[in-house]
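The values are calculated or read from the model by the stated rules, or taken from the named source; none is laboratory data. A quick note: this is a predicted structure, and the numbers were derived from the prediction, not measured. Cβ coordinates were reconstructed from backbone atoms using ideal geometry, including for glycine residues, and neighbour counts include every protein chain displayed. For accessibility, only protein heavy atoms count, side chains too; no ligands or nucleic acids. Shrake-Rupley method; radii C 1.70, N 1.55, O 1.52, S 1.80 Å.
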Amino acid sequence: QQARMVVDKAFKIAEVDKRIYGSFIEHLGRAVYGGIYEPSHPGADNLGFRNDVKDLVRQLNVPIIRYPGGNFVSGYNWEDGVGPVEQRSKRLDLAWRALEPNEVGTNEFMNWAKEVGSEVMMAVNLGTRGVDAARNLLEYCNHPEGSYWSDLRRSHGYEQPHKIKTWCLGNEMDGPWQIGQKTPVEYGRLAYETAKAMRLVDPDIELVSCGSSSTAMPTFPEWEAVTLDHTYDVADFVSLHQYYGNRDNDTANYLARSMDMEHFIRTVIATCDYIKAKKRSKKTMYLSFDEWNVWYHSNQADRKIEPWSVGPPQLEDVYNFEDALLVGSMLITLLRHADRVKMACMAQLVNVIAPIMTENGGRAWKQTIFYPYMHASIYGRGVSLQPVVESPVYDAQDYTDVPYLDSAVVYNEAEEELTIFAVNRHLEEALELKCDVRGFENYRVIEHIVLEHDNLKVANTANEEKVKPHSHGDAACENGYVNTRLSKASWNVIRLK
Ligand code: AHR
């Protein structure tokens, strides 16, 4: 099989907003309790947060982390999570039917996020609560001093405001599973009024209006059209959420799922632009793909979890090699839409459908999906270029004309570095790739990272990292052309300088 590509500086999509490499920590399962926070762990810091987990998060170079949910936020009283820890109440978390001890709340999380070098994307509860709780939380977090909520924060030991810039107006409000689900009109009105009040507290914030929970929602994309009709003027982003799984064990079809993600993004852009036209607006709505990943391995196990415990092992998907390939393609899809997708969060970060896993009291380790995420986050900064691609295609169960070669290209002007991200979706054969980079004079390949394995179902464990990248890819650049053989079923990062 052979594929060709042309890459040129002139084919600019847009500057990549680094926030597309965001992630997510929800009060869910062992993400917080037993994940980032485990005071009894030998490697915990003086506040109870695990240093080994912090190190792994830093390796991923995560620019922004969404918090505290997710479904959790729709039943959360943020006031329960601030003030002296010994006075905080335990609450029933109805979203996940667990016990929330509130040992970690807004201030502890803000501290932790700062330590790992991330901004926070804070979500407000528009399920059981509304305008009042949202404006109070914002005042608590961002107002400098001299008002009830800002002075309360200072009395809690946080003299300086947290200055949280990005706020989500609720979570998945279209979903029947959501506490306080809304119709699109109910949500649109509530989100608009909440946004209005929040902007009066702090005009510098950015707001995310809730979009559909997946392309499979019966209300998609009418939800976007109706809600944005209300929130277009006050919101900066609309959210998208999507998870995939290989439930039928049909890998060729599974690896093509990023085409659904592509269709999702295109449809949301079209809907945003329809509302823009309808409103005669000059403003462009951006997309925040603030939940995306593979999620299906743990579905059965989750049905057996006993309710009302602290930090139960929920949503603990153990990812295999093929999952890493799809994650690679999802990252590629985000990069190819760098002009409109300005934020995205791999959901989630630790233990819960996550690239990082922990043993209680033991080790922290990397899942297979850790690697494509880390590579994109590190090398995918700069300008996203539109590669012109000619690739052989295949037909799968749900998709036709699926290109074997899935690719995105980023040019980092400051570092004078060009990076080609490529997945070979072919499960049996290598793909010969010839890439025209004549516009990049005297560039040569400095590294060709490959993630490959003969067994698509192999996974990592705390004891053994069976799936990890090597740098022995054969890409070489001669006379302005990169030639390489992309191994069957592989994730590739070809770096030129
Ligand atoms: O990420 C897990 C859950 O998936 C989130 O709580 C929810 O928003 C989505 O349904």
Wholly within segment 6-121, strands (runs of 3 or more DSSP E) carrying at least 2 residues that are of a type in the set (A, V, I, L, M) and in contact with a Ser or Thr (Cβ under 9 Å, 6 or more places away or on another chain): 12-15, 64-67, 98-100
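Listed here are the residues, each with its yes/no results for (1) buried (at least 18 other Cβ atoms within 10 Å of the Cβ); (2) among the acidic types (Asp, Glu); (3) within 16 Å of the ligand (Cβ to nearest atom).
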position: 36; (1), (2), (3): yes, no, yes
position: 58; (1), (2), (3): no, no, no
position: 74; (1), (2), (3): yes, no, yes
position: 78; (1), (2), (3): yes, no, no
Have a look at 43, 105 and point out the one that is surrounded by fewer than 23 Cβ atoms within 10 Å (Cβ to Cβ) and touching a strand residue (DSSP E or B) at 6+ places or on another chain (Cβ under 6 Å). 43
Can you name every one of the strands (runs of 3 or more DSSP E) wholly within segment 309-388 that holds 2 or more residues which are within 16 Å of the ligand (Cβ to nearest atom) and modelled with pLDDT of 95 or more? 341-346, 356-358
Is it fair to say residue 85 is in contact with a Gly (Cβ under 9 Å, 6 or more places away or on another chain), away from the ligand (no atom under 16 Å from the Cβ), of a type in the set (Val, Ile, Thr) and modelled with pLDDT of 95 or more? yes
Give 251, 271, 267 a once-over and let me know the one that is away from the ligand (no atom under 16 Å from the Cβ), among the hydroxyl-bearing types (Ser, Thr, Tyr) and in contact (Cβ under 8 Å) with a residue 60 or more places away in the chain. 251
Residues of segment 274-308 classified as within 16 Å of the ligand (Cβ to nearest atom) and in a loop (DSSP other than H, G, I, E, B), total: 6
Let me confirm something: among 244, 232, which residue is touching a residue at least 24 places away in the same chain (Cβ under 8 Å), over 16 Å from residue 127 (Cα atoms), of a type outside the set (A, V, I, L, M, F, W, C) and within 16 Å of the ligand (Cβ to nearest atom)? 244
Among the residues of segment 379-402, the number that are touching a Phe, Trp or Tyr at 6+ places or on another chain (Cβ under 9 Å) and touching a residue at least 24 places away in the same chain (Cβ under 8 Å) is 15
Can you find a residue in segment 456-470 that is within 23 Å of residue 369 (Cβ to Cβ), part of a strand (DSSP E or B) and out of contact with any Ser or Thr (no Cβ under 6 Å at 6 or more places or on another chain)? yes
Could you tell me how many of the residues in segment 153-205 are within 16 Å of the ligand (Cβ to nearest atom), crowded, with 16+ Cβ neighbours inside 10 Å and in a loop (DSSP other than H, G, I, E, B)? 10
Quick one: which residue in 105, 127, 117, 81 is on the phi > 0 side of the Ramachandran plot and in contact (Cβ under 8 Å) with a residue 24 or more places away in the chain? 117
Scanning segment 414-472 residue by residue, those under 24 Å from residue 353 (Cβ atoms) and hydroxyl-bearing (Ser, Thr, Tyr) turn out to be 461
Return the residues of segment 254-264 that are away from the ligand (no atom under 16 Å from the Cβ) and part of a helix (DSSP H, G or I); say none if nothing qualifies. 254, 255, 258, 259, 260, 262, 263
Could you tell me which residue of segment 471-497 is nearest to residue 443 (Cα to Cα), considering only residues that are of a type in the set (Ser, Thr, Tyr) and in a strand (DSSP E or B)? 481
Looking at segment 39-53, is at least one residue within 16 Å of the ligand (Cβ to nearest atom) and in contact with a Phe, Trp or Tyr (Cβ under 7 Å, 6 or more places away or on another chain)? no
Taking segment 88-106 and keeping residues more than 16 Å from the ligand (Cβ to nearest atom), closer than 14 Å to residue 314 by Cα and acidic (Asp, Glu) leaves none
Residue that is farthest from residue 410 (Cα to Cα) [pool: residues in segment 461-497 that are among the polar types (S, T, N, Q) and out of contact with any strand residue (DSSP E or B) (no Cβ under 8 Å at 6 or more places or on another chain)]: 463
Scan of segment 289-313 for residues that are out of contact with any strand residue (DSSP E or B) (no Cβ under 7 Å at 6 or more places or on another chain), of a type in the set (Gly, Ala, Ser) and surrounded by 15 or more Cβ atoms within 10 Å (Cβ to Cβ), ordered by number: 298
Quick count over segment 60-71, residues being within 11 Å of the ligand (Cβ to nearest atom) and open to solvent by less than 10 Å² (accessible area, probe 1.4 Å), is 4
